[in-house]
1. Can you check what the net charge comes to around His105, using other residues whose Cβ is under 13 Å from the Cβ of His105 (Lys, Arg +1; Asp, Glu -1)?
2. Helix-only mean residue ellipticity at 222 nm, the chain, DSSP H runs n ≥ 4 weighted -39,500 (n - 2.57), per residue, nearest 500. What is it?
3. Using R₀ = 22 Å, calculate the FRET efficiency as 1/(1 + (r/R₀)^6) where r is the Cβ-Cβ separation of Ala124 and Arg53; round to 0.05.
4. For the stretch 2-144, treating each Cα as an identical point scatterer without solvent, what Debye log10 I(q)/I(0) comes out at q = 0.21 1/Å?
Amino acid sequence: MLAAAAPVHCVIGGVAVMHHAARASTADVDFLVAFEPGEKDSLVALAQAAGWRVEVKSVWQLRLHGPDTYADIVDAQVPLELQAAREAVPVDLPPVTLRVAPLPHLVALKLIADRPRDRRDVEAICELHPGLDVRRVNELIAPFRGPWTPALDV
């Protein structure tokens, strides 16, 4: 549904961490979407037609409740989010292909969120990806820098 309604999107959250770090647990799928005009309405219509219940969590977040799971749809608002959605990497996970956030962008989003599970996810990613471009991650989080957003130091 998402690919048909809003092609510029990517998976973030636990599913993206599972792809990059082969460890995480999640009850849902989180998508970051760079909506063009009309695409959000198209997604809502497709979801409802497929039997999903649509909950508006905020002006920038929808939750789609399906039969076995739910999906959080986050409307990309800032350049980091828009870039992550535009530069997503296609990953074949039969029977579907998912667009996954690029690794530096995922790490930056996790550092900005800075919850305990996000810190654990970043540690796992850094362990499995010693060549991670730390300079790029720090460039991505620079606009959000504050006492709550640590620089990545690996």
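1. Computed value for this residue: 0.
2. Rounded to the nearest 500, it is -12000 deg cm²/dmol.
3. Values: r = 33 Å, r/R0 = 1.49.
It comes to 0.10.
4. Results for the stretch 2-144 at q = 0.21 Å⁻¹ read -1.40.
Where a number appears in this text, it was derived from the coordinates with a stated rule and is not lab data. Owing to the predicted nature of the structure, the values given are computational and were not obtained by experimental measurement. Cβ coordinates were reconstructed from backbone atoms using ideal geometry, including for glycine residues, and neighbour counts include every protein chain displayed.
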